[in-house]
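Participant: Before I ask anything, let me first share the structure, which is written out below as structure tokens.
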Amino acid sequence: MLEEATAALDDADAIVLVRDVTESFGSGDAHLLQRIESRPQPKIVVLNKIDRLQKQKLLPEIARYARGGQFAAIVPLSALDGDGVERLLAEIWKLLPEGEPRYDEELLTTHPERFLVAE
């Protein structure tokens, strides 16, 4: 599974590292930082579960990831209550390259007419 994740990094337009701030920073976290450090893609770190952490404990976590300057954004987030999700989406959107449209602009659906009538 680790090989698959590493291979996916090669094809990624951006890297989003999600960190559970209720857990202590450990060797696994340090290992992940080391693995993505040399990657050329822009990076975002998401500090998840901020709803379960006192604000004064969040500031050192933000400082830890801001220190190296390798992250395009540091996004505090609570997936449980949705706090910070819109900001995360906006940050990701900024980093993605514009590509060719997948479908014709005139195309309303990819489903055949028979499917639409049945619905």
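The values are calculated or read from the model by the stated rules, or taken from the named source; none is laboratory data. Everything numeric here is computed off the predicted structure, so don't read it as measured data. Neighbour counts run over all protein chains shown; Cβ positions are idealised from the backbone, glycine included. With ligands, DNA and RNA removed, areas are computed over all heavy atoms of the protein, side chains included. Shrake-Rupley method; radii C 1.70, N 1.55, O 1.52, S 1.80 Å.
Participant: Using unit Cβ charges (K, R positive; D, E negative) and no other charged atoms, how large, in debye to the nearest 20, is the dipole of the chain about its Cα centre?
Facilitator: The calculated dipole for the chain is roughly 920 debye.
Participant: Roughly what % antiparallel, to the nearest 5, for the DSSP beta bridges in the chain? Write out the running numbers ahead of the final one.
Facilitator: Numbers: 1 of 12 bridges.
About 10 percent, rounded to the nearest 5.
Participant: How much of the accessible area of the chain, in percent, comes from carbon and sulfur atoms when a 1.4 Å probe is used?
Facilitator: Answer for the chain is 53 percent, counting heavy atoms of protein chains only.
Participant: Counting only Cα, what are the radius of gyration and maximum Cα-Cα distance Dmax of region 69-119, in Å?
Facilitator: Expressed in Å, the Cα Rg and Dmax of region 69-119 come to 18.2, 54.
Participant: Under Stokes-Einstein, with the Kirkwood radius over Cα pairs standing in for Rh, what whole-number D in µm²/s applies to the chain at 25 °C and 0.890 mPa s?
Facilitator: In µm²/s, the coefficient rounds to 145.
Participant: Between Tyr103 and Ala63, what is 0.36 nm times their sequence separation minus the Cα-Cα distance? Round to one decimal in nm.
Facilitator: 10.1 nm
Participant: Something else about it: State in Å² the accessible area per residue of the chain; use a 1.4 Å probe, count heavy atoms of protein chains only, and round to the nearest integer. Write out the running numbers ahead of the final one.
Facilitator: Values: 9050 Å² over 119 residues.
Ligands and nucleic acids excluded, the figure is 76 Å² per residue.
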